[in-house]
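**Q** Questions regarding the structure given below will be posed in turn.
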Amino acid sequence: MNITVFGTGYVGLVTGTCLADVGHDVVCMDVDEAKIDGLKRGEIPIYEPGLESMVLRNVEAGRLNFTTDARQAVEHGTLQFIAVGTPPDEDGSADLKYVLAVAGTIGEFMDGYKVIIDKSTVPVGTADRVTTRIAEVLNERGAMHDFDVCSNPEFLKEGAALEDFTRGARIVVGTDSEKVRECMHECYAPYNRNHEKLMFMDVRAAELTKYAANAMLATKISFMNEISNLAERLGADIEEVRRGIGSDPRIGYHFIYPGCGYGGSCFPKDVQALARTASQVGYDAELLQAVEAVNKRQKVTLFEKLSRAFDGDLAGKTIAVWGLAFKPNTDDMRDAPSRTLMEALWAAGAKVQAYDPEAMKECRRIYGERDDLVLVADNVQAVKGADALVICTEWKEFRTLDGEWLKAQLGFPVVVDGRNLFEPAAMKAAGLMYYAVGRGDSM
Ligand code: UGA
């Protein structure tokens, strides 16, 4: 099939590349010329395991092309995926200006029947707004072309995006058109072989499914973080509690890991946007607001624990930070707990000595050169000459740690572990003051 994808960000690039990989003829369009030029040269703007080689082999095979030419893009695909950004507005609701601009472009150059597919995470009702916008532009042109707009939310996790696309649990499509059903079946057929993954539903249900899925996952995390804070105060070990409740299949083991708060481009933005949508329809979404508030508070706990260990005096101290990305296998630092920590440390007059396997460039891009931020070549260097260590991201390479060696490196034997990577008893035995999340006896 001929497919066009608008937006070469995370979702667009993964979608376009995975669809090209199964033989579709894909054009990815972006208004950012530098990005498109880079992609044409094989430069991938994001870090995602496996993506670079997949892009290169599909470009080589001639199935994946990049352009800034809107007319060419619209004319190419029967399917037109919209995968542009929906940044949060001042009030937390998703800003649809890019989505609606693409709708306008499609209306401007449409030359025959098209299926327009909302892939970006967009508020309930967006498909209707996209339909209206395209119809307006067609009207202005005096053009009479048939089209359908459907919702096909993505469920990709950063760091596992290719796996999620190719072996995802479900492919949700919101539409009331038989023609769209056929097109989407054909589009996804190569990824829909062993059992039926396509779930057709009403457009608004599909749009809400995306938000509901992320809000549910975010709720699980905030719930566990709340219980872990309670566990600390009650002298219980959250890791035992986690296993205890996870064994109930109604609860399950997934996504109940306490930590230093969720980050990334999705959960914080989507929970806020859904709460905002709720208030727009006159509903006070108290649970969603609490999920967000608990998460914000959780991100501050790293600094609070450290500050407590130093009796509130962190001025002049050098703090080693392991992990800057919001989770492993990505260079993404959007809403990362490491940022809340570092900014609080700087405000308290401390210096940060940090290492992350992928996110150092991103960290420099965000914070620039500054005396109180030293980025070092590995995690061993990060603790050299540091007063204490804070672990923000659970990269695999941090998991093997010799407590006694660490104690010898640190000015004060303080470790704040935001990801519960180690056993408190072993850390204590090595002479460290080890503060984890919700592990009562470690406080
Ligand atoms: C999330 C969802 O998991 C995807 O299904 C969804 O498609 C995506 O958002 C999206 O809307 O695009 P992602 O943001 O890449 O994916 O990251 P996750 O792996 O879900 O992690 C989110 C955050 O939750 C991380 O900060 C992670 O550290 C935290 N987390 C996760 C916990 O603190 N505890 C857990 O048990 C699990």
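**Q** Just give me the residues in segment 394-425 being β-branched (V, I, T) and in contact with a strand residue (DSSP E or B) (Cβ under 7 Å, 6 or more places away or on another chain), in sequence order.
**A** Hits for segment 394-425 are V414, V415, V416.
**Q** Right, next: Please count how many residues of segment 422-443 are under 18 Å from L341 (Cα atoms) and without any contact (Cβ under 8 Å) to a residue 60 or more places away in the chain.
**A** Total meeting the criteria: 2.
**Q** Out of all the residues in segment 77-86, is one or more part of a loop (DSSP other than H, G, I, E, B), farther than 30 Å from G264 by Cα and among the small types (G, A, S)? Outline the logic, then answer.
**A** Residues of segment 77-86 that are part of a loop (DSSP other than H, G, I, E, B), as a first pass: 77-78, 83-86.
Subset that is farther than 30 Å from G264 by Cα: 77-78.
Applying the additional criterion that residues be among the small types (G, A, S) yields 77.
There is at least one residue in segment 77-86 that is part of a loop (DSSP other than H, G, I, E, B), farther than 30 Å from G264 by Cα and among the small types (G, A, S).
**Q** To continue, here is another question. Please name all residue pairs, on different chains or six or more residues apart, with Cβ atoms under 7 Å, provided the first residue is in segment 238-256 and is closer than 15 Å to S222 by Cα and the second residue is within 13 Å of the ligand (Cβ to nearest atom) and among the polar types (S, T, N, Q).
**A** I238/S228
**Q** In addition: Considering every residue within segment 266-289, establish whether at least one is within 16 Å of the ligand (Cβ to nearest atom), under 22 Å from G85 (Cα atoms) and assigned to a loop (DSSP other than H, G, I, E, B).
**A** yes
**Q** Next question, about the same structure. With A160, A169 as the choices, which residue is of a type in the set (G, A, S), within 15 Å of the ligand (Cβ to nearest atom) and exposed (fewer than 13 other Cβ atoms within 10 Å of the Cβ)?
**A** None of the other options fit; the residue is A169.
**Q** What number goes with the only condition from (1) in a helix (DSSP H, G or I); (2) acidic (D, E); (3) in contact with a Ser or Thr (Cβ under 7 Å, 6 or more places away or on another chain) that E108 does not pass?
**A** Here E108 clears every test but (3).
**Q** Is it the case, given these coordinates, that V300 is within 16 Å of the ligand (Cβ to nearest atom), free of Cβ contacts under 8 Å to residues at least 60 places away in the same chain, in the same structural domain as L341 (by TED's automatic domain parsing) and touching a Ser or Thr at 6+ places or on another chain (Cβ under 7 Å)?
**A** So V300 passes the test.
**Q** Same structure again: Output the number of the condition that S247 fails; it satisfies all remaining conditions of (1) farther than 30 Å from V300 by Cβ; (2) within 13 Å of the ligand (Cβ to nearest atom); (3) in the same structural domain as A285 (by TED's automatic domain parsing).
**A** (2)
**Q** For residues in segment 251-283 being under 20 Å from I391 (Cβ atoms) and buried (at least 23 other Cβ atoms within 10 Å of the Cβ), which is nearest to the chain's Cα centre (by Cα)?
**A** This residue is G263.
**Q** Moving to a separate point now. Being closer than 13 Å to S338 by Cβ and among the charged types (D, E, K, R) is the filter here, so list the residues in segment 386-418 that pass it.
**A** Matches in segment 386-418: E394 only.
The values are calculated or read from the model by the stated rules, or taken from the named source; none is laboratory data. Quick caveat, the model's predicted, so the values are computed rather than measured. Positions of Cβ are backbone-derived with ideal geometry, glycine not excepted, and every protein chain shown enters the neighbour counts.
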